[in-house]
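Participant: Quick one: the structure is below, questions incoming.
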Amino acid sequence: MTTATEIRRLLAPLASPSAFHLRISVGHDPRISPAHLLHAVVSAPDMPRGNYPTRSWPPTVEQLDGSLRLLTFSDDQILALLTAACTEDLAYEDQVGPWAPDGTSVGPWTPDIVRPILQQVAHLLGPQNRWWSNCVFPNWCFDTGDFYDGVERWPVTDHTFDRALIGIGDQATVTFLAFAED
């Protein structure tokens, strides 16, 4: 079994098509740039479009490249960001829970369930994995668990809020894109 296949298996419960606030993509070629990996997600035909159609849609790879920053945080801090992306509503800063506000199921969105899965994904990416985001997080975000206030953002979708986290390891890649409307 390849690393990418194992990561896909682990993330399958999170990659439900009913997940209205999250898109996940797993790849097998770590030579692809973070912007190319994110572009494949934001330009997918099934990607929901946001409230601001006046922006160029989808953004180009070059536009995405200008929006991404290399994250220089510890593994535990990256895990906290990933957990928040998979469990919190970006617009309302609360847990998404097993049911969306409109009553549709969005999967097993609790930190206790997601965190061990994401730890395994990070482990499979290897010790030299690197992460990029369209957000810059002050260090105090990790002390408080508040990944909203003081965060500098470069939009990558036409949604009110979005957060991309792109991980590249030795033999696989993973792209998380959380988005929300207020």
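Participant: Every residue in the stretch 119-139 that is more than 14 Å from Ile7 (Cβ to Cβ) and surrounded by fewer than 18 Cβ atoms within 10 Å (Cβ to Cβ), please.
Facilitator: Of everything in the stretch 119-139, those that are more than 14 Å from Ile7 (Cβ to Cβ) and surrounded by fewer than 18 Cβ atoms within 10 Å (Cβ to Cβ) turn out to be Pro127, Gln128, Arg130, Val136, Pro138, Asn139.
Participant: Counting only residues that are outside any loop (DSSP other than H, G, I, E, B), touching a residue at least 12 places away in the same chain (Cβ under 8 Å) and not β-branched (Val, Ile, Thr), how many does the stretch 131-182 have? Walk me through it before giving the result.
Facilitator: Looking only at the stretch 131-182, we keep the residues that are outside any loop (DSSP other than H, G, I, E, B), and these are 131-133, 135-136, 140-144, 152-153, 161-168, 173-180.
From the residues that got through so far, the ones that are touching a residue at least 12 places away in the same chain (Cβ under 8 Å) too are 131-133, 135-136, 142, 152-153, 161-168, 173-180.
With the extra rule that they be not β-branched (Val, Ile, Thr), the set shrinks to 131-133, 135, 142, 152-153, 161-165, 167, 176-180.
Total meeting the criteria: 18.
Participant: Being among the hydroxyl-bearing types (Ser, Thr, Tyr) and modelled with pLDDT of 55 or more is the filter here; which residues of the stretch 71-105 pass it? Outline the logic, then answer.
Facilitator: Pass one, the stretch 71-105, residues among the hydroxyl-bearing types (Ser, Thr, Tyr): 72, 74, 83, 87, 92, 104-105.
Across the stretch 71-105, the qualifying residues are Thr72, Ser74, Thr83, Thr87, Tyr92.
The values are calculated or read from the model by the stated rules, or taken from the named source; none is laboratory data. Model, not experiment: these values are computed from the prediction. Methodologically, a virtual Cβ is constructed for each residue, glycine included, from the backbone with ideal geometry; neighbour enumeration extends over all protein chains shown.
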